[in-house]
Structure formats: structure tokens, C-alpha cells
Amino acid sequence: MRPSLTSALSSLTRTFPRSAVALRRSLPTLAAAAAATASLALLTSSGGPARLLFSSSAPVDLSTLVVPSPAVVDAAFAAGIPIGGADLAALVRSGATGVGKDILVIDVRSPGETSSTGVIPTAVTLPLSEFGAQLAEPSMQFQLLNGFPKPSRESTNIVVYCQAGVRAQKAADIARSLGYKRVRNYQGSWGEWSSKYAAVQPGDVESSGSGAPAAAAAAKSD
């Protein structure tokens with residue numbers, strides 16, 4: 001039978017008095033660290049709960065949204081860097097998004113998905129399965145098929161999104177391969193928007209709100 005921890009510590013105390021005292025003092029800290037490690041391992045093993053520890057899907061306080069400056073918006077679209085939900089929400093609220101506006105937001109999910117959930121306010125739909133072929137169409141044909149003007153390869157600021165950002169990234173890559181120079185992926189996509197920014201409405205910014213409305217190049221057709 002293995003000796004108990006108490007008897008082992010008593011034996012250690014007789015042999016190495018100073019070491020035993022130090023060990024006794026550190027036991028509570030060691031136990032707490034072990035418990036914390038075990039809890040973290042349990043949470044991370046399933047993926048979902050761990051994410052809840054470090055991020056929140058609670059609705060965002062819309063008063064905290066700040067519209068990026070025109071210079072920042074222009075540089076971000078020129079660089080093609082992904083757009084965050086807070087920035088997109090602020091731009092939607094400012095009235096900068098929509099057909100004929102500074103920014104064209106495109107939902108690349110399937111028609112079944114968009115009809116069941118709705119879309120981000122002001123967004124148009126262009127499913128990934130048709131995305132490349134549609135963007136390759138002549139301007140007149142594109143508008144007849146989709147009901148909105150074909151975006152300009154040079155000047156239209158485009159944000160693409162899907163459910164979780166994966167298909168949107170594919171759409172962004174397709175657009176760039178066709179010569180579109182100002183495309184950003186909303187990586188959080190509908191999954192994030194529906195839980196954090198569902199209350200956002202276009203033109204819902206108070207006149208005294210902070211931040212300047214986005215003013216990038218206006219959307220034009222080819």
C-alpha cells in the first residue's frame with residue numbers, strides 16, 4: 001500500500017527539514033494551478049465553450065460604434081484587408097453601404113440561406129456558385145440578371161460575406177482574379193452579425209455621433 005501524503009511529508013520533514021517546509025507552503029498554490037489547468041483542458045477539448053471564455057456573442061452597444069475615417073476606409077479597401085464586424089456595422093449605420101453608395105456589400109450564401117435568415121441591411125445577394133461567372137458578364141447583362149449595376153473593377157469598394165467567412169474568402173479571391181481591386185472579406189460574416197449587430201439599421205447614426213462617415217470612391221459600373 002502506498003504511503004499517504006501526510007506520512008510522506010513527515011518522513012521528508014525528518015530528512016530534509018527546510019525543503020519539506022517549502023513544499024508544504026507551496027502545496028495550495030500547486031493545487032490551484034493544477035485545478036485551473038484541468039478546467040482549461042476540459043473547456044478547450046470541446047472547442048465551443050473555450051471560445052465563450054475569451055469572446056462574447058452578446059449584442060453590441062451601438063453607441064460604441066465609431067465610423068472609420070475616409071482615409072482609413074480608402075486604405076483598407078486598397079489593401080484588401082478583412083473588415084471587422086464593428087467597422088462594417090458603423091459603416092452600415094452611417095449610410096455608406098448599398099447599391100450606388102460608397103460600399104457594396106454582397107452576400108454569397110445560397111438563396112435558401114438568405115431567404116431563411118435575411119441579409120445584412122443594404123446587402124445584395126450573389127451566390128458563390130455563380131459569383132465568378134456573373135462578375136465576368138458584360139455590364140448590361142449583369143444588371144439584367146442581378147437587378148443592380150455591375151461593380152467597377154477599379155473603384156467599387158466591395159465587402160463579401162457568407163455564414164462564417166470561408167466562402168466569402170473564396171469569393172474575394174475570385175473577384176481579385178477577375179481584376180477587382182477593392183475587395184474585403186467580412187470574416188465574422190452572418191454568424192457574427194446575427195448575434196452581435198442584428199439591431200443595426202442604415203442611416204441610424206445620430207448627428208452628434210462620433211466618427212466621420214466613410215467617403216471612399218462611389219460605386220460605378222464598368
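The values are calculated or read from the model by the stated rules, or taken from the named source; none is laboratory data. Here the structure is a predicted model, which means the values were calculated and not measured. Ideal geometry is used to build each Cβ from the backbone, glycine not excepted, and the neighbour counts take in all protein chains shown. Ligands, DNA and RNA are stripped out before the accessible areas are found, and what is left, the full protein with its side chains, is counted by its heavy atoms. Shrake-Rupley method; radii C 1.70, N 1.55, O 1.52, S 1.80 Å.
Hey, can you tell me all the residues within the stretch 162-206 that are under 24 Å from residue 129 (Cβ atoms), open to solvent by less than 20 Å² (accessible area, probe 1.4 Å) and among the aromatic types (Phe, Trp, Tyr)?
Listed by number, the residues that qualify are 180, 186, 193.
Which of (1) farther than 25 Å from residue 57 by Cα; (2) in contact with a strand residue (DSSP E or B) (Cβ under 9 Å, 6 or more places away or on another chain); (3) not in a loop (DSSP other than H, G, I, E, B) is the odd one out, the single condition residue 92 does not satisfy?
Of everything listed in (1) farther than 25 Å from residue 57 by Cα; (2) in contact with a strand residue (DSSP E or B) (Cβ under 9 Å, 6 or more places away or on another chain); (3) not in a loop (DSSP other than H, G, I, E, B), residue 92 misses just condition (1).
Which of the residues spanning the stretch 172-188 are over 16 Å from the mean Cα position of the chain (by Cα) and of a type outside the set (Phe, Trp, Tyr)?
173, 174, 175, 176, 177, 178, 179, 181, 182
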